[in-house]
Structures are given as C-alpha cells and as structure tokens.
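What follows is a set of notes on a single structure, which appears directly below.
The values are calculated or read from the model by the stated rules, or taken from the named source; none is laboratory data. The shown structure was predicted, so the numbers you read here are calculated from the model rather than taken from an experiment. So basically every Cβ, Gly included, is an ideal-geometry build from the backbone, and we count neighbours across all protein chains shown. To get the accessible areas, we keep the full protein, side chains included, count just its heavy atoms, and leave off ligands, DNA and RNA. Shrake-Rupley method; radii C 1.70, N 1.55, O 1.52, S 1.80 Å.
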Amino acid sequence: MTVLHRPRVHHSRTPDPHSYPTRSYDLVKEFTIALAVVTGLSLVLAAVFSSPDDPAITLAGWAKADSADVVATATGELAGTTTSATYGAPYNDASEGQSVLGLKLQKWGGARLALSSADLVLQPLHGVSGDPALTDALGAWQAMSPEDRTAAATAYADALAQAPDGAPAQVGPGPYGPVPELATAFLGLARSGGLEGSLTSSGTFYGGDETRAMLLLSDGAYLEDRAVAEHLGGDQWGMMNEVGNYPGQPWMWLYTFWYQVKPFSTSENADAQVWLLMMVLTLALMFVPWIPGLRDLPRWIPVHRLVWREHYRQR
C-alpha cells in the first residue's frame, strides 16, 4: 500500500505589535496646541490680509455714481468702438483674437455667444413703454443706414470726450441723430434699476446670465477705476476674496502671477500664453511619478527624514 505524505506548510507567525518600540503620545494635547496655533495665525493673518466686505457693483449704482460714464459707454456701444465690440470670439468676429505658437485658439472657438454691442443698449430700451420720445428715437435709429448710425454715434462720442467732465449737458448741437436721446433714456433706465433685470434675463424662468451686464460694465471706466482704487488693477498684484463665497479668488494666485512677469505682462497674447503654461504645469504635476529627476527630489532632499527623525534614529 502506498502512503501519500502531505508536504509541510510553514506558517509565518504574525509579529506581536507589542514587540515594536512605542512612545507615549497625547493626542488631545497635540490637537489643542495645533488648534490654538492655527486660530492665532488665522486671526493675525485675517487682520493683516483680510478683504473688505464691499457690496457688489450694480448697474444702478454705476449710473448714480458716474452718470457721464454710463452715457459715454452707451454711446460707444452704439458706435461699435468699445472693448467688447472689438474683442472677437466668443462674442463676435471683429478680430482674430489671441494666439499661441501660431495656433489661433480664440478664433477657432468661434462666436458662440454672438452679441451685438448696440443690442446691449437697444434691447433694454425696446422694453420700455409709455415714453413717446424714446419710441421716436428708436424709430429714427432703425430708419438709419448702418453707416449713418456709426457716424452719428461716433460724432456724439467725440463730442462727449471733448465736453468738460464728459457731461452730456455740455455738448453742443451736432449731427448726432437720435443718439443723445437714446443715451439719456438708457441712463434713466439704469438709474431706475430696470437695466439690471433686462440684461441678466436669459429667456428662462430663472434669469441669471450676467454676461451682457458684465460686458457693459467692463466697457465703461467705472469698474476699472474702482478696481485700481482697491489695488486690484492688472499691474498692482491685488486680489480680493469674495466674502461669503469660499474659497473665492486666492486659489487663482498662480494663474494671475504670470501676468505680472515678462513676457506675459507685455504680450498681446498673454491670456493664451498663460493658459498654455498652466496646462504644461498641470501635466507636469500629474506625471511627477514618471518624470526622471523630479521624482527623485524626496531622495535628494530628505525632508521626510527630518519630520520622522525619531523613527529613523531608532532604525
């Protein structure tokens, strides 16, 4: 009879955790100290670097604070000379926009949000009722040829620029067509607060598209003047955290940093160039474990050994 013998299986014993060196650790004490330090630092840094809790800028507030700028901006929109009117994609085809490495990224995006600068003024005015003078002015504008519209609005814009403080009341008679009446009615609508809802309405039950309102506001000088006064201009390194909307803007510090250094600070294609640089940096961060040299930094700069020095000393 043949006897089969099973091979012996050697089972490794699980190490006893008590055989390892231990040290006392007061978790509550560590937590209390950490909480106190972080709280103290937060209070000090908040006192030094906190953002002012300024109310949001509204179109009505703009009209009440700088009525001349509202009239000048509305005239510029009718003339097609504002920043948004000549920006290009995604709002219009007025320019090819920015490019990087010969790639016309902005133009390739197309005018997905096709907007007419004149409509930023005319569309809200068409919603006003009970104003015969405005109705006549809108009819006169529609009866003009595109060339005559541009000429009239440009002439009034030039006259406003030469008037003291840009005051419409200081502008003399000229070939302005219905532009002064349209600009004055637009100012009145803005002061009443009706312009805000007219521009932000998106055609749905929940209106909230701020694109047109922001374009109009940024085409004027008021928004930039407020930003510069708060040290938030493009060359001032300023950044304001939006109170009540954590984390706000600070997370964008790396993105905005590049706009302050050359060649980005003097380039007309800064937006596209900074975007490309951030994409390269993001990919580099993603592929750190596979980049020779960069992945070896912890071995060359052993900060972890300093943090866990007791462990490595016992080893």
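Here is how the numbers come out for the structure above:
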read-out: Gyration tensor (Cα) of the chain, equivalent ellipsoid semi-axes in angstrom; value: 62, 26, 21
read-out: Potential extension, residue 114-residue 27 segment - 0.36 nm per residue separation minus Cα distance; value: 25.3 nm
read-out: Calculated FRET value between residue 161 and residue 39, using beta carbons and R₀ = 45 Å, to 0.05; value: 0.25
read-out: The chain: DSSP helices with Cα axial extent of at least 15 Å and average Kyte-Doolittle hydropathy no lower than 0.5; value: 27-49, 67-79, 179-192, 270-286
read-out: Mean projected area in nm² (Cα convex hull; one quarter of hull surface) for region 48-119; value: 8.0 nm²
read-out: Vicinal HN-Hα couplings computed from phi for region 112-118 (Karplus, 6.51 cos²θ - 1.76 cosθ + 1.60; Hz; Gly/Pro x); value: 6, 10, 3, 10, 9, 4, 5
read-out: Residue 100 long-range amide H proximity, modeled H, under 5 Å; value: 105
read-out: Segment residue 53-residue 136, extension gain: residue separation times 0.36 nm, minus the distance between their alpha carbons; value: 25.5 nm
read-out: Value at 222 nm in deg cm²/dmol, rounded to 500, when DSSP H runs of n ≥ 4 in the chain each add -39,500 (n - 2.57); value: -15000 deg cm²/dmol
read-out: Within the chain, longest stretch free of exposed GluC sites (Glu not before Pro) [DSSP loop, at most 15 other beta carbons within 10 Å]; value: 97-209
read-out: Separation of the residue 143 and residue 210 label points, Cα + 7 Å toward Cβ, nm; value: 4.1 nm
read-out: Ellipsoid equivalent to region 41-168 - semi-axes via the Cα gyration tensor, in Å; value: 33, 26, 15
read-out: Accessible surface of the chain, 1.4 Å probe, proportion on carbon and sulfur as whole %; value: 60 percent
read-out: Ranked packing of 277-288, 65-76, most packed first, by mean Cβ within 10 Å; value: 65-76, 277-288
read-out: Solvent-accessible area per residue, Å², over region 111-184 with all protein chains present [probe radius 1.4 Å]; value: 55 Å²
read-out: Signed unit charges on C-beta, dipole axis of the chain, positive-most listed residue 62, 307, 152; value: 307
read-out: Segment residue 310-residue 282, extension gain: residue separation times 0.36 nm, minus the distance between their alpha carbons; value: 6.6 nm
read-out: Choice from 222, 25, 176 showing the highest fluctuation, given a GNM over the chain with Cα pairs closer than 10 Å; value: 25
read-out: For the chain, built as a Gaussian network whose Cα springs stay under 10 Å, the top-fluctuating residue of 221, 56, 36; value: 36
